[in-house]
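To keep things clear, I will list the structure first and then write my remarks on it.
Derivation of every value follows stated rules applied to the coordinates shown; laboratory data play no part. Keep in mind that what you see is a predicted model, and the values were worked out from it rather than measured. Reconstructed Cβ throughout: ideal geometry from the backbone, glycine too, with neighbour counts over all protein chains shown.
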Amino acid sequence: MIIFQLITEDLLDIALEILNSNPHYNILVNGNPSRTLEEVGNEFINQITESYFIKLNNKYIGIIDFLENNPNDNCSWIGLLIIHGDYHSMGYGSMAYLLFEEKLRKRNLANVRIGILKENSEAKRYWSSLGFAFYDNAQWENKRVECFEKKLI
């Protein structure tokens, strides 16, 4: 059974392990195959986003980061959904997202958006398979991003 657990400062080492089990993603984002504990803390311990571990039967298998209302467009955004490298290609990412989407629907959110780095063709296929559709190009930290959206209601 998948559940979501808020990321707290005392569990940042687990978040670091999950992120660093995905060196290809880290290279795409910041040009380095690994992250530091400080970077992870800055990303997931803040007052802006909701950051959760994805737990499967008491094992930490991933992370989902969510912004309920982006002040730039008044839309909800998923900042990150990442699964530990040991658990790739097992369907856990899709199961976790669909369960999280149910939570978003209960909040009566009309849609959810995600930005995908232009070079990340695997992520574009993945999010498209979950019903997300491309709607625009943008820049994020000097990187080209393709924006996708899914209507929830």
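Along the charge dipole of segment 39-153, Cβ charges K/R +1 and D/E -1, which of LEU81, PHE66, VAL112 sits furthest on the positive end?
Farthest along the dipole direction, towards plus: VAL112.
Charges at C-beta only: +1 for Lys and Arg, -1 for Asp and Glu. How large is the resulting dipole of the chain about its Cα centre, in Debye rounded to 20?
660
Given (i) 50, 49, 25; (ii) 35, 35, 32; (iii) 77, 40, 40 as candidate values of Cα extents along the principal axes in Å, which corresponds to the one derived from the coordinates?
(ii)
Filter the chymotrypsin sites (Phe, Trp or Tyr not before Pro) in segment 53-101 to those in DSSP coil with at most 15 other Cβ atoms within 10 Å of their Cβ, and list the result.
Values: sites: PHE53, TYR60, PHE66, TRP77, TYR87, TYR92, TYR97, PHE100; in loops: none.
When the chymotrypsin sites (Phe, Trp or Tyr not before Pro) of segment 53-101 are filtered for loop state and at most 15 Cβ neighbours within 10 Å, nothing remains.
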